[in-house]
There are 2 protein chains.
Amino acid sequence: MNTGELVELGQQLRVDSVRAAGAAGSGHPTSSMSAADLMAVLLANHFRYDFDRPEHPGNDRFVLSKGHASPLLYSAYKAAGAVDDEELLTFRKLGSRLEGHPTPRKLPWVETATGSLGQGLPVGVGIALSGKRLDRTGYRVWVLCGDSELAEGSVWEAAEHAGHEHLDNLTAIVDVNRLGQRGPTRHGHDLDAYARRFQAFGWHTVEVDGHDVDAVDRAYGEAESTKGQPTAILARTLKGKGVADVEDREGLHGKPLKNADDAIEELGGVRDLRVQVHEPPAARMLHAVRAGHLELPRWDTGEEVATRDAYGQALTALGTGRGDVVALDGEVGDSTRSEFFAKEHPDRYFECYIAEQQMVAAAVGLAARGWVPYAATFAAFLTRAYDFVRMASISGAGINLVGSHAGVAIGQDGPSQMGLEDLAMMRAVHGSTVLYPCDANQTAHLVASMAGLDGIRYLRTGRGESPVIYGPDEDFPIGGSKVLRFSQSDRLTVVAAGVTVHEALKAAEALDQEGIRVRVVDLYSVKPVDRATLRQAAEDTGCLLTVEDHREEGGLGDAVLDAFADGRPVPRLVRLAVRTMPGSASPEEQLHAAGIDAESIAAAGRLLVEQAIVP
Amino acid sequence: MNTGELVELGQQLRVDSVRAAGAAGSGHPTSSMSAADLMAVLLANHFRYDFDRPEHPGNDRFVLSKGHASPLLYSAYKAAGAVDDEELLTFRKLGSRLEGHPTPRKLPWVETATGSLGQGLPVGVGIALSGKRLDRTGYRVWVLCGDSELAEGSVWEAAEHAGHEHLDNLTAIVDVNRLGQRGPTRHGHDLDAYARRFQAFGWHTVEVDGHDVDAVDRAYGEAESTKGQPTAILARTLKGKGVADVEDREGLHGKPLKNADDAIEELGGVRDLRVQVHEPPAARMLHAVRAGHLELPRWDTGEEVATRDAYGQALTALGTGRGDVVALDGEVGDSTRSEFFAKEHPDRYFECYIAEQQMVAAAVGLAARGWVPYAATFAAFLTRAYDFVRMASISGAGINLVGSHAGVAIGQDGPSQMGLEDLAMMRAVHGSTVLYPCDANQTAHLVASMAGLDGIRYLRTGRGESPVIYGPDEDFPIGGSKVLRFSQSDRLTVVAAGVTVHEALKAAEALDQEGIRVRVVDLYSVKPVDRATLRQAAEDTGCLLTVEDHREEGGLGDAVLDAFADGRPVPRLVRLAVRTMPGSASPEEQLHAAGIDAESIAAAGRLLVEQAIVP
């Protein structure tokens, strides 16, 4: 499009943003208006995309990091012919695809859910990594950021990663409208302040008047022709641009325009320009055709193996069997054992250094391009990326997260390194799967099963060695459990997972000596939970004792309730979990101090079968 | 100390680090050895500290951000006479104060727990803010960072904040030993790479050979004399410095030296130098003496008030009544209503922009200096800072966190803005208090009570208006609840909190019309939970129905189990919660779609009293 047409298109996007927010009675038109010219030039002259084939491997990728500017995005979809005017005006209404913040579950052209700021660029880095190192179909990744969100550290994790990886297929377009939600940003219209920061991280930068369509056009061209570096376009804009009542004024964030009709007239009225978006280049997906034979590692029962070791070996085997599996590390691959995969499949291994937010975001970006990512760090440090996990579930992203060094069982390193909240955190994520194996063969099977699930899948692994108790051909369905001890005269069921399975078996043995028969359930699938087995155990034994190397809130003990929260009779329950703040000590001392070792289980079990209160 | 003495002291710190890790059989001696000279010069010539009076308001503050280098810290304590050699060798043993990573709960000289990387500098920023804007006793804050941890975005949130606030009382000492846990860092010994980044964020930088004690001494002097900017000292060092077997070699992270005796000999043997640390200047605390009269805001029953509004007003009143209360915002103060406090008490208000990790870290730093911080953002966005909350609980920090815009009840903005995992996340934190008020007077009382509690306190507030149902003089003890409907013939107890209390009351009214008497419990204290009331309700009515605007995992429904997890009989239970992924819709439509409105409660309640299974 030429200058005049671009200006008109920008005004159309403004008008449609005002109309959509007006119809909804809520939304962020002023944040859309600042970026309208940036969007118009991109859509008309640079973006290569087939809206009828969003899965086209040659398509450019666009991420609206400032997700609240969704009216602008939807107005652009309308200009491209992907949604019609009627649908545009369903914005933010019950049942509409056009939600307050865009999500890929609803709209096929959205790469990732946004709305929590500072996430679009890290996810864009993941997509750009895919384009550069895996897909190699030549697409570009365009991320429209707000200026306020540059205060998020995750943006600088992304800047560091993209700069270091020379992602010249990535462009960050920063809409510097100088106004955040509650007032002016830290740096106002000081484009240099942002440029200095991006440059320090190895980016090429362009400063531009974001309302001068020709200048913006040249800036995009400069980004396209810059080699070896990602480009940040820092665009000086005005919030609410084009309507005097709201332009560059505070206190109007997230509010529809009061006099929408006047505003639309001031903007030149409703238009119906249609953009012929450039076709993507012909390209084909690589990973769809690469599939080998899956041969999982096998261990003999009685061997002593850490589940983290089993994870590393199983993932490596999975990578051999499936060409679409990729692995990500947060600079602890020697601990999580992701390094096993790195040695075998270096081309599909992504070192993210100590930047857990970027690691999870990269996984989301890679999943958006069809890869099956496994991202691992210490379970404790996945807490760093919880907002990214939450948003990934809104995206419907299929990612595998692995947290090693679970619980007090790690021993001497102390509480900062102990994953003690991870089960609670991951269970609360919508549609998640939470797995916690106790031996090597079980781990291997679960690692393979995870690849085929929907949504967020979490695997918890342990640091120390534990005995292999299952044969290598045993089956471990998701949502299942294993009954490890069983008799018709069981008076108590102990439900355990991971390290506490072994403690539970020892406790059951001890109680058996005293004439108390105990059922032991290995609840390796913490979510979804095996309701049938738990209900049968409750019926048979009358009481349940849960034991977990995790805080008492939100973990295994609470998960068991899932089998009984529908109004049926509930068995008597006791929950053993980590209730104190651990210090440094050996793994055995830690389990004992936390009251989750065999001795503690046996003591609580005795009281429970005697119908006494367990203190 | 002169050059020769400093060199000797550095060697002593190395030797003691090797000895401590050797005695423990674990730990990070090589990470300690790289920074030994940096620590020696600081301790002997620049740090001003009274080890007998860690609470001295004039004391400098030291934060070991690379917390795994704890042997170095403890060796420095020994050199300063604060611990003896015998205690040094208890490192990492059960019961020792000298844990794998330092924590203030155990050691009075530690400002904040570290061990999750990238947290020391943000907390240091909080302490420096306190020194600059509140305490004004002239202390300096020294933070020893690793180079690997500079990949964490939180470090750049801190860099941005400190640069913008001109914190010239803050010095970051970066031990650039070029080796992370699993191998080389991204930038190796490229000090310029780090310098460019810090400079871009407004810092003064000094590049130095970290083993040249005179150069290090000059660098500290330069930091002390630099005005208007924080200083980053980028020190080129070698991991394992001083022992040829381990110096600058990969694969030795977190491992005691194999030949400790030879290493000690190579380092010149055991020494017993004692450092006379400089005295801090005379100073007194300001906030201890400032206390006014607390007059909480009052509302009449029947008024319609959002709990977030009540929060803002109550916090403002609390700030008037207590001179030690401070508030922090993540650039959403107009939404959380923290801005009310800002208008009244601008000197005690800290705008952290959109950087939730830095916001929570600043709260931890301010709490370490004796202030009572209230940090607020959307409940959804506190997930961004979960690792900081977790570490704050290990510190034993007393901080108040407030999450607004809870649940689907926010309406049109959609799932990215809805706090739906926050109760699970906060409940799982050790020693936390979790509060969820349903009306304005209740909110005000809880805001005031929070200030006096230990540990992490979380308050969940709502966006929309709700009716005031309690009088302003009602009492709301922590760990209590309110029985809102009660009769001797109740057949069902509905347990609710926040927005669902009002739905529960409507449902109870409807069921009453049908002849089903319903007890309604307002469980505003989600943790600790009111066990007595819940047990009585179970005994009286036989079944409980919980209803919450939160995911079904880890929230109110699970909290109720706390009253019954000691082996006593458990009532029949049904848990209503948000089980779907919401889109955009009005608040009323959202509550209905999620199945947590009055109609859904009444329907489930009917089935439950009929002893039917509730689907």
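Taken together, the values in this text are just the output of simple stated rules run on the coordinates, not laboratory data. Model, not experiment: these values are computed from the prediction. Counting neighbours? That spans all protein chains shown, and the Cβs are built from the backbone with ideal geometry, glycine included.
Listing for the model above:
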read-out: Globularity ratio of chain A, using Cα Rg and 2.2 N^0.38 Å; value: 1.08
read-out: Chain B Cβ-axis minimum, rotational copy A, residue and distance in Å; value: B:GLY153, 1
read-out: Ellipsoid equivalent to the protein assembly as shown - semi-axes via the Cα gyration tensor, in Å; value: 41, 40, 32
read-out: Ascending list, in nanometres, of distances separating the B:GLU304 label from those of the other copies (7 Å, Cα toward Cβ); value: 6.8
read-out: Dipole magnitude of segment B:497-587, debye to nearest 20 (Cβ charges: Lys/Arg +1, Asp/Glu -1, about Cα centre); value: 160
read-out: Alpha-carbon radius of gyration plus Dmax, which is the widest Cα pair, for segment A:359-451 in Å; value: 13.3, 41
read-out: Spatial separation of Cα centroids for segment B:141-183 and segment B:493-564, in angstrom; value: 47
read-out: Per-copy distances of the B:GLY292 label point, shortest first, in nm (7 angstrom along Cα→Cβ); value: 7.1
read-out: Highest-first arrangement of B:557-563, A:81-87, B:22-28, A:559-565, where packing means the average Cβ count within 10 Å; value: B:557-563, A:559-565, B:22-28, A:81-87
read-out: Calculated FRET value between A:GLU514 and B:ALA532, using beta carbons and R₀ = 35 Å, to 0.05; value: 0.55
read-out: When each of A:LYS78/A:LYS227; B:LYS482/B:LYS527; A:LYS506/B:LYS93; A:LYS66/A:LYS132; A:LYS343/A:LYS527 is checked by Cα-Cα distance, pairs over 22 Å; value: A:LYS78/A:LYS227; A:LYS506/B:LYS93; A:LYS66/A:LYS132; A:LYS343/A:LYS527
read-out: Karplus-derived HN-Hα couplings along segment B:71-83 (A = 6.51, B = -1.76, C = 1.60, θ = phi - 60°), whole Hz, x at Gly and Pro; value: x, 5, 4, 5, 5, 5, 4, 5, 4, 8, x, 7, 10
read-out: Residue-averaged beta-carbon neighbours from other chains (10 angstrom radius) around A:554-562; value: 6
read-out: Virtual spin-label span in nm between B:LEU607 and A:LYS343, 7 Å along Cα→Cβ; value: 5.4
read-out: Burial ordering of B:ARG491, B:ARG384, fewest other beta-carbon atoms within 10 Å first; value: B:ARG491, B:ARG384
read-out: Cα-projected label distance for A:GLU539 with A:LYS506, points at 7 Å along beta-carbon direction, nm; value: 3.4
read-out: Other protein chain Cβ atoms within 10 Å, averaged over every residue that makes up A:430-438; value: 2
read-out: Dipole magnitude of the protein assembly as shown about its Cα centre (Cβ charges: Lys, Arg +1; Asp, Glu -1), debye to nearest 20; value: 880
read-out: Cβ-based exposure ranking for B:SER75, A:SER335, in which fewest neighbours within 10 Å come first; value: A:SER335, B:SER75
read-out: Copies compared at B:ALA215 - label distances in nm, ascending, label defined 7 Å from Cα in the Cβ direction; value: 4.4
read-out: Distance-filtered residues of segment A:163-178 - backbone nitrogen under 14 Å, label point 7 angstrom along B:ASP190 Cα→Cβ; value: A:163-167
read-out: Spin-label pair B:GLN276/A:GLU303, simplified geometry with 7 Å Cα→Cβ offset, distance in nm; value: 6.3
read-out: Calculated FRET value between B:GLU588 and B:ASP473, using beta carbons and R₀ = 25 Å, to 0.05; value: 0.20
read-out: Exposure proxy order (Cβ contacts within 10 Å, fewest to most) of B:ARG463, B:ARG568; value: B:ARG568, B:ARG463
read-out: Per-residue average of Cβ from other chains inside 10 Å of A:91-100; value: 6
read-out: Positive minus negative residues near B:SER416 (Lys, Arg vs Asp, Glu; Cβ under 11 Å); value: -2
